[in-house]
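Here's the structure, in structure tokens; my notes come after.
The values are calculated or read from the model by the stated rules, or taken from the named source; none is laboratory data. What you see is a predicted model, and the numbers here were worked out from it, not measured in a lab. Note: ideal-geometry Cβ built from the backbone for every residue, glycine included; neighbour counts use all protein chains shown.
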Amino acid sequence: MLTLLASGIASFSIFTMYYNLGMVRLLGLPHVILWTPLAIHLFTLSRKAEIPQITVWTLRIVYAIAITSMIFDYWDVICYILGDRASLI
């Protein structure tokens with residue numbers, strides 16, 4: 001449920017930023033802000049011994065996808081901060 005909520009907020013934020021700024025690298029910022037704490041939460045949750053193994057694997061898959069996505073988002077936000085503000089299209 002928390003993952004869906006973070007996705008909804010990120011989608012709304014990205015749409016609003018795209019409407020106002022265009023296709024720029026800063027669009028990764030909502031993912032960085034919302035998914036970093038979520039990834040930490042998923043990692044700590046998957047380390048608990050009392051949850052079923054299938055749930056642990058599901059959490060780890062979601063965690064891996066989130067980390068992969070955040071690598072690209074962190075890179076884009078850093079590039080934007082360093083001055084790369086050109087449109088990506």
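Let's see how each residue does on (1) at pLDDT below 85; (2) surrounded by 12 or more Cβ atoms within 10 Å (Cβ to Cβ):
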position	(1), (2)
Phe12	no, no
Asn20	no, no
Phe43	yes, yes
Arg47	yes, no
Ile51	yes, yes
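How about the stretch 59-89: which of its residues are outside any helix (DSSP H, G or I) and among the small types (Gly, Ala, Ser)? Within the stretch 59-89, Gly83, Ala86, Ser87 qualify.
Only residues that are of a type in the set (Lys, Arg) and not in a helix (DSSP H, G or I): list them for the stretch 1-56, please. Talk me through it step by step, then tell me what you get.
At the first step, the residues of the stretch 1-56 found to be of a type in the set (Lys, Arg) are 25, 47-48.
Listed by number, the residues that qualify are Arg47, Lys48.
Each residue in the stretch 5-50 was checked for being under 21 Å from Ile71 (Cβ atoms), more than 15 Å from the chain's Cα centre (by Cα) and in contact (Cβ under 8 Å) with a residue 40 or more places away in the chain, and 2 pass.
Based on what the data block shows, is Leu2 surrounded by 11 or more Cβ atoms within 10 Å (Cβ to Cβ), in contact (Cβ under 8 Å) with a residue 12 or more places away in the chain, under 20 Å from Gly83 (Cα atoms) and not polar (S, T, N, Q)? Let's see the steps before the verdict.
Details: surrounded by 11 or more Cβ atoms within 10 Å (Cβ to Cβ): yes; in contact (Cβ under 8 Å) with a residue 12 or more places away in the chain: yes; under 20 Å from Gly83 (Cα atoms): no; not polar (S, T, N, Q): yes.
No; evaluated as a whole, the condition is false for this residue.
Scanning the stretch 53-82 for residues that are modelled with pLDDT of 90 or more and more than 18 Å from Ala6 (Cα to Cα) yields a total of 8. Scanning the stretch 70-89 for residues that are surrounded by 15 or more Cβ atoms within 10 Å (Cβ to Cβ) and among the hydroxyl-bearing types (Ser, Thr, Tyr), we see that the one that is nearest to Leu34 (Cα to Cα) is Tyr74.
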